[in-house]
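Below is one structure, written out as structure tokens, with a few remarks after it.
The values are calculated or read from the model by the stated rules, or taken from the named source; none is laboratory data. Because the structure is predicted, anything quoted here is derived from the model rather than measured. So basically every Cβ, Gly included, is an ideal-geometry build from the backbone, and we count neighbours across all protein chains shown.
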Amino acid sequence: MKFGIRELVLVATLLGILVASFTLVFLPQNAAIDRAKREIDHKMDLLEKLAAETDRNEALRERNEEIARRISEIEDRLPSDKQVDAVIRQVSELAIRSGLNPPAMQNAKPVPAAQYWEQPLELKTGGTFRGFYDFLIELERMPRITRINSMKLDRARNEEGRMDVEFTLSIYFQNAGGPTP
């Protein structure tokens with residue numbers, strides 16, 4: 001076969017088409033594919049972060065539900081302001097059942113305590129130490145939330161083995177009627 005100008009022009013044209021197609025078609029197409037792969041990788045990273053955040057949000061939602069359930073359980077233990085008298089009667093009955101003298105009670109002004117109210121009661125009673133100890137155990141077992149703020153124990157002057165007790169018992173309650181009791 002003979003190579004002449006016509007064959008050389010044909011080979012040069014074919015090589016030119018090959019170089020032109022590589023630079024005009026394949027290089028831009030490869031660059032677009034690389035950009036698409038980087039974008040896909042970026043979006044996959046974002047999806048992984050979103051999945052982790054969604055899992056975290058689900059855990060937070062479950063934790064919030066658990067907290068709300070516990071708050072509801074505690075609120076169920078808080079009497080309304082109308083039920084405080086019944087709780088006071090229960091405390092008096094507990095003292096008598098424990099062998100203490102019927103307590104003398106004096107209500108103080110209700111005090112706001114966070115979202116709830118605190119009704120302080122000044123109690124004075126007397127009896128044996130064992131009776132007072134039993135009273136405290138039964139008081140703690142009550143379904144209502146109470147707290148003893150201060151306590152003063154004195155040996156009874158006229159009776160051996162007995163004592164006089166003065167303490168402040170706070171009963172926590174919800175005010176059903178509005179912001180102030």
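Find the residue count for the range 147-172, including only residues that are without any contact (Cβ under 8 Å) to a residue 40 or more places away in the chain and either not assigned by TED's automatic domain parsing to the domain that holds ASP134 or not small (Gly, Ala, Ser) (or both). Break it down into steps so the answer makes sense when it comes.
Here is the first cut: in the range 147-172, the residues without any contact (Cβ under 8 Å) to a residue 40 or more places away in the chain are 147-163.
Still in the list and also either not assigned by TED's automatic domain parsing to the domain that holds ASP134 or not small (Gly, Ala, Ser) (or both): 147-149, 151-155, 157-160, 162-163.
Selection size over the range 147-172: 14.
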PHE135 fails exactly one of the following numbered conditions: (1) in contact (Cβ under 8 Å) with a residue 24 or more places away in the chain; (2) over 15 Å from PRO103 (Cβ atoms). What is the number of that condition?
(2)
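Go through the range 89-103 residue by residue and tally those that are surrounded by fewer than 13 Cβ atoms within 10 Å (Cβ to Cβ) and in contact with a Lys or Arg (Cβ under 7 Å, 6 or more places away or on another chain).
Keep residues of the range 89-103 that are surrounded by fewer than 13 Cβ atoms within 10 Å (Cβ to Cβ), which gives 89, 93, 97, 102.
Add one more test, that the residue is in contact with a Lys or Arg (Cβ under 7 Å, 6 or more places away or on another chain), and what stays is none.
Qualifying residue count for the region: 0.
Listed here are the residues, each with its yes/no results for (1) within 26 Å of GLU75 (Cβ to Cβ); (2) of a type in the set (Val, Ile, Thr); (3) in contact with a Pro (Cβ under 7 Å, 6 or more places away or on another chain).
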site	(1), (2), (3)
SER98	no, no, no
ASN107	yes, no, no
TYR133	no, no, no
ILE137	yes, yes, no
ALA156	no, no, no
ARG162	no, no, no
VAL165	no, yes, no
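Which residue out of ALA68, ALA51 is over 30 Å from MET142 (Cβ atoms), under 27 Å from the mean Cα position of the chain (by Cα) and at pLDDT 85 or above? Walk me through how you get there before you give the answer.
On the way: ALA68 fails: over 30 Å from MET142 (Cβ atoms).
Going through ALA68, ALA51 in turn, just one is over 30 Å from MET142 (Cβ atoms), under 27 Å from the mean Cα position of the chain (by Cα) and at pLDDT 85 or above: ALA51.
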Among (1) touching a helix residue (DSSP H, G or I) at 6+ places or on another chain (Cβ under 7 Å); (2) of a type outside the set (S, T, N, Q); (3) not in a helix (DSSP H, G or I), the one test that LYS2 misses
(1)
Members of the range 104-142 that are under 12 Å from THR168 (Cβ atoms) and crowded, with 17+ Cβ neighbours inside 10 Å
GLU118, GLN119, PRO120, LEU121, LEU123
Qualifying residue in the range 111-119 (condition: aliphatic (A, V, I, L, M) and at pLDDT 85 or above):
no
